[in-house]
Amino acid sequence: MATTAVAEAPRMAGMRFGRAARRYGWTVAVYALLAVLMVTTIIIKPDYGAFEWNTLTLAALPLAFAAAAQTMVVLSGGIDLSVGPLMALANVLALRAMLGHDLNYSLGVALIVLLEVTLAGALNGAIIVLTRVPDIVVTLATSFIWAGLALLVLAKPTPGIPLDVQNLAQGSALSPWVPNALLLLLVVPLVWIPLRRSRAGLAIYAVGSDRNAAFRSGVNLGLSRVLAYSVGGFFAACGGLALSMTTGVGSPLAGTYYTLSAVSAIVLGGVSLAGGRGGILGVVAAAYILSLIPAVFIYLGIDPNYGQMIQGVLIVIVVMIGGLGAVLRRV
Amino acid sequence: MSTRAVTTVRLVQQHSILVLIALLVALAGLIEIIRPGAVNANWVSNILEFAAPLGILAAGQTLVVITGGIDLSVANVATAAAYIMASQAPYGVTRGIVLGLLVGVAVGLVNGVGVAVFRVQPLIMTLAMGLVVTGSLNVYSQAAIRSVPGVPAVIHAMGSATVLGYVPVSLFLWAPLAALLIVGLRSTGFGRLLYAVGDNLEATRLAGVRGWQVLLANYAACGFLSAVAGLVLAGTVNAADLSLANILLLPSVAAVVIGGTSIFGGSGTYSGTVVGALILTVLNSVLTLLDVPDAVKQILYGAIIVLLAAAYTRVLSPE
Amino acid sequence: MAALLVAGFALVACGGSPSNGGSTATKYTVGVSNTLTGNGWREEMICSIKAQAKASGVVSKVIIANRTTDAAGQIADIRNLISSGANVIVINPSDRDALNSVIKQATDKGIVVVAVDQAVSEPSAYVVTNDQVAYGNLGADWLAKKLGGKGNIIEMRGINGVPADTDRHQGLTAALAKYPNIKVVKQTFTNWSLDPAAQQMKDIFSSGIKFDGIWTSGIDSTVVDQFQSSNKPFVPIVGADNNKFVQELATLKDKGLTGAAVTNPPPIGGAGLAVGLATLQKSHSYDHVIHLTPQVWDNTTADGAAKLAQTYDSTLDPYYSVAFDVKPYTTYTKQDLIACQGPG
Amino acid sequence: MAADPKDTPVTDSAGLLEASGLVKHFGPVVALRSADLRVRGGEIHALMGANGAGKSTLVKILTGALTADAGTITLGGRTRSFHTTSEARKAGLVCVYQDPSLLPDLTVLQNLKLTATPLSTFKRYLVELGLEGFDLQTMPRELARPTLSLLDLARALAIEPQLLLLDEITASLPADLTVRVFNVARQLRAEGRSVIFISHRLAEVSALCDRATVLRDGKTVGVVEPAQGGEERIVKLMLGPVADLVAAEAASPTAPATGAVAVEVRNLKAGTLNDVTFTLRFGEVLGVAALEGQGQQELFDCLAGVRRPEAGQIVVGGKARTFRHPADAIRAGMVLIPADRLQALLRQRSVRENIALPLVSRFSRWGPINPRREKRQVEKAVKRLQIDTRVQSEVRRLSGGNQQKVGIARWLVGGFQTLLCFDPTRGIDIGTKRQIYGLVKELAANGSAVLLFTSELPEIQLACNRVMVLFGGNLVDEMPAAEADEQALLRAAHGLPAEADVEREA
């Protein structure tokens, strides 16, 4: 507040680095944390190889998609507690339609499933916008609706995802060090980067950042929020399909555990739960971190109950470091 | 809009609890339609009995939501308190109860430190603390497998006994607690400050309030209330296992929001939450008695919550 | 492409199983994968595996992957157990079919995989299960007989969509098909949680639904409690071999409680490990699929009553199973189980 | 995308915009009863009215943020009804608000993209507003408010609007930047385009505007030409019957006070503030005059315990104090009235809770509240400040002036010795403004000390006994209020050598 407009202009040039550090610092730090964890893992387990790397990418794939879905919604200033059930819905829809079909047919099915669950996500958004009920309540309620629908589609876990489809995620076609699951993850940047640069994507940030200013800037608030939920639905569908591919089965309870893990992942990935701030790249790294930690505990042979404690403490510490700045600045 | 209509709208807005009670009555009516004769004194007594633990759990949640936060560790805390109480009870009932409650306060304090001092988002702080509590409880349970977790008679009686045939004993705990909270929120300094902190933390700072003290005390209070809820729940079902209250986490949030407390903080009442807890308990009852497939029940449960919240939001904010 | 794949597998093979040969030949590493935490039955199962590992004397280390997760998470856990050099992996599968490819990967490396509690469809795995279809079938059959083939019953299931729940329901339906005059008048899902079961029971009481018997999927003593706190006369109740339910069957008989506990022993985990170790040591050749048929302990017969009275253990958690071993597979003592300590 | 504004039919200079009979209800509340507004092509037209007169509602209807319940709007001869702000933008009608509507978390460039603003014209206007070389990758979150206002203005100008609305944009601008805004407005007029100018500062209106439409209680009550001595008429129209009352209170500068020392500031340093020393006495109102960002914010923040000084001492009651938290300052009797009233108020809570907040602020006061005592104290304060409490429920439903009064009333209840008023009348109508200054003087007369910063230099004489001028973080001048007319203050505030000194001594 201390500078006048006039004084500000010439000082700009020297501030670029500091600004970049502020703006992307968290993302860089998350990747650094991932790197440190990877190095630690390799020290703990010197024979860490392609198999283990493949394990990690497979485990991180659905979580990364779930976290991407949550990121979209949170950026727009909402929260989606129905990410898990949406994944389950995509998962069972895929099984019902792919059962006994070949790869090409199944890919067609996948597209339709993506569309259907994107629409379900859009419906989440539409209900929120039309009823003006807070996001957390609507998605809490719709989480039951999607879970019920999934059960209607498929009453019990059933195998039958075609092997060719499973191979899209399992295995590594290019090189043992480039698992297919890693290639599938490219869907995230392929959707994210164009969206981030488009006016529609800016509008999603805008509604999450400051609704009043967004409105005055001519942003259609309702539409932008629905869009955010739709893209969230799309990513959730990707997550559900990823589960289909990694497990080969359809299960009405698939995805249940990803709702809250996705919230941990996005916070760790630097997305502000208040909306409007953060990106998806850090979130992907966070999904890898959260998938790596249980593996490290197994490699170390740590009692899993301690593992759960340690994971909770780790999250607390990381988010507290974020808050530490505030504490120090105040004193 | 006619003056009379305006007055009616005003009246309803100022007494939003009336809308909620009307919704509650409507749901009870639905049960009576599904199964004539089902709504009787016994039923009312059951509803109160099962709403009590949820209502107390949602009490802590209400306090936190009023300050603009959310506590996702309430259910873990309730479970931990109940389990520790039950497993320590063989060494003394009082000891069990005190230790159980202490666990609640301790976890609440840690949440409070994270939120108030380190400015961590409440959602992530309490989510992570939930993991810590559950992990610790599992470790404890393995260490404690040699002692038998048993719910002492006094807790069992508090959770599920009735007096005069129909009045649940837990009501004698819940009702005074509710009265204390309703009055306390409205007319104690602490209550005022909860609203103030939830409305505008910066403004309370300028008014000379040390916000961290308020938040810290609040999360501790929430932890305490969660622990109480856990003990009551253990009494209601006469057992304490390692996932006792987990099923009440989402309902505790739903009860608060259906009860008209703004998820963004700064407004709300515990009386609304009480009715919200009753509504959810009645809704469970509706679904038990309804003869449709479980999948349809889940869809109905979700749909009814959206409709309730939407109707409520519409009536109360006509702008 | 194929060459790359082969190369990949070669790499994996080198990297994957470091401690298979050499100095640790006589001592084995055991991996355990479980996907539900905070559940007494599962905790007891894990304790039985630890106890059996210690009792066997040939296990140097037990690595446990235990978190609440789904099939995808379990796949990752099993792969990590493979990486950790496990020689035997005991899994409680979260899905019958989803784990097949990872199990195949493990058995291809010479790891013995034993699925306990619930079956998997991968043929290279050993399956040592409590037969859940039989669990539903036997309990329902007992109840129908008890009611003289006529009457209304309430079916209190577990979690909708979980394999064990589906299997038990299937068994129950098959059993009741033989009794056309037995009607399921109410079906509820307890989510295997105490609180919903309790409320459902009380709601059913106050609604005036007429019923003559109750089949539960394991939340049993909570149901008995509701009869007591509501002062309702008991009807026949089918539950599991949970400690408190066993006690109630034994002690409340004179107050009119008739019922049956259908066994579902958690030490199936220990039994699975015993099978796995025997296979590894080639000391005994087991069938790939071993179904334990549940027993029905009926408090109205002399045998059943004696069994109930004998197995109740006042030093055990109310919702823990009273079964502490699965003969002839397990070799540990009850104290070993309660100590819940692995080797080392 | 935005249509080229030249597409809109060329207007005859008689009427670019004609709005007549506009009505708007919010539930039971009537915001506009019958508003008319006629703006010619090529004129700067002021829209005047007290807080709550309906100006904001009218602006929102014109720009498509709200839809009127009744009435017609014609723009360039065509009947229009905008449903979104972007429709209005496309028709060449755009508004710049007091609080800038740039999104804090998008870069400036992204903000431009969001609104489909042509970059080249934007850059041209940046130059005209004195922001050449501005880095478009900056995030608004990192910028000072005046800069944001100018950026917002440049963004609006970049679409070459036919009609530009400036909604109190000068309220948070320092004098030098206000001049730039004026120049741009005059330039638009010269090009045959029109500006609707909203401000509470009469001087600005008479300096800039051709005509003024005055609203009162949601109705248009007159159209005045301010330049021809119309100021008095505007005030009368705005205030209605209350006008005479206010006029009677017309203020005169007060003589310097000689009470005991309330606060002594020694060599205070913080941020821009650089080594400031002064004394504030009981019984006086000490004015602070400064352009934007000369250290006044830091000064007030340090005194109120909001931030810690880097060096120097604050001596209260003969003791040097360290304020770690506003609570420490409050205990020493120093309380702050911030410029942004919403910064200090609990918007969703009642007037009563807002005023009673200091009563429960300390840990020792967390217990039960004595409702009768509280009510008595609150009512006394409400009465003294003449707070309009017709809408009792929530503070956010009060008008800006009444909100500010609530902020002050809080300290009448809470108790204080030194009042730190930081631009307390920003965006408040004349009637309330005078009331607030009257109250400030009264408080001083009753023995309190008041430190008052206002961004409206002409008003310093209204309230103060003595004025000090900050420039570049230093105290550059100090004078009795009697001598602190606008010219003298402006000169000092710009750091120019004061010829006034010579005259004063003469």
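In chain A, which helices (entire DSSP H runs) extend 27 Å or more along their own long axis, judged by Cα positions, while averaging at least 0.0 on the Kyte-Doolittle scale? Result, helices passing both filters: A:16-44, A:50-75, A:103-131, A:221-247, A:280-300, A:304-330. Quick one: angle between helix D:119-128 and the longest Cα principal axis of chain D, in degrees between 0 and 90, rounded to 10, please. Compared with the principal axis, the helix lies near 50 degrees. Rounded to 0.05, the FRET efficiency of the B:S187 and D:L109 pair, given R0 = 45 Å and the Cβ-Cβ distance, is 0.30.
Under Stokes-Einstein, with the Kirkwood radius over Cα pairs standing in for Rh, what whole-number D in µm²/s applies to chain C at 25 °C and 0.890 mPa s?
Reported coefficient: 116 µm²/s.
Could you work out the per residue convex hull volume over the alpha carbons of chain D, in cubic angstrom?
Measuring per residue, one finds 162 Å³ for the Cα hull of chain D.
In the distance distribution for the range D:5-248, Cα-Cα pairs more than 33 Å apart total 16 percent. Comparing the range C:96-203 with the 2.2 N^0.38 Å rule of thumb, its C-alpha radius of gyration ratio is 1.35 (two decimals). Computed over neighbours whose Cβ is under 14 Å from that of C:I49, the net charge equals -2, Lys and Arg +1, Asp and Glu -1. With no solvent and one equal point scatterer placed on each C-alpha of the range A:167-313, evaluate the Debye formula and give log10 I(q)/I(0) for q = 0.13, 0.18 Å⁻¹, two decimals. Calculated log10 I(q)/I(0) at the listed q: -0.74, -1.22. How much of the pair distance distribution for the protein assembly as shown lies past 43 Å, counting alpha-carbon pairs only, in percent? I get 53 percent for the Cα pairs in the protein assembly as shown exceeding 43 Å. Once both labels are positioned 7 Å from their Cα atoms along Cα-to-Cβ, the gap between A:L190 and D:S34 label points is 6.5 nm. Taking only the alpha carbons of the range B:42-316, we obtain Rg and Dmax values of 18.4, 58 Å in that order. Between A:L130 and A:L103, the distance separating the two model label sites (each 7 Å from Cα on the Cα→Cβ line) works out to 4.2 nm. Taking trypsin sites (Lys or Arg not before Pro) as exposed when DSSP calls them loop and at most 10 other C-beta atoms lie within 10 angstrom, chain C has its longest site-free stretch at C:1-209. With one equal scatterer per alpha carbon and no solvent term, the Debye-computed log10 I(q)/I(0) for chain A at 0.11 1/Å reads -0.74. Taking a quarter of the surface of the Cα convex hull of the range D:51-141 gives a mean projected area of 7.7 nm². For the range C:132-262, the Kirkwood estimate of hydrodynamic radius, built from reciprocal distances between every pair of different alpha carbons, is 14.4 Å. Other residues whose C-beta falls under 15 angstrom from the C-beta of D:V450 contribute a net charge of -1, scoring Lys and Arg +1 and Asp and Glu -1. What's the FRET efficiency of D:T279 with D:D340 using the Cβ-Cβ distance as r and R₀ = 41 Å, to the nearest 0.05? The pair D:T279/D:D340 has a calculated efficiency of 0.90.
Please work out the Cα convex hull volume for the range D:121-212 and give it in Å³ per residue.
Per-residue hull volume (Cα only) is 95 Å³.
With both residues required to sit in the range D:5-248, DSSP beta bridges show an antiparallel share near 50%. With Cα atoms as the point set, the range C:218-344 shows a radius of gyration and Dmax of 16.9, 58 Å.
Only the coordinates and a few stated rules stand behind these numbers; no lab work does. Please read these numbers as outputs of a predicted model, since none were measured by experiment. We place every Cβ from the backbone using ideal geometry, glycine too, and count neighbours over all the protein chains shown.
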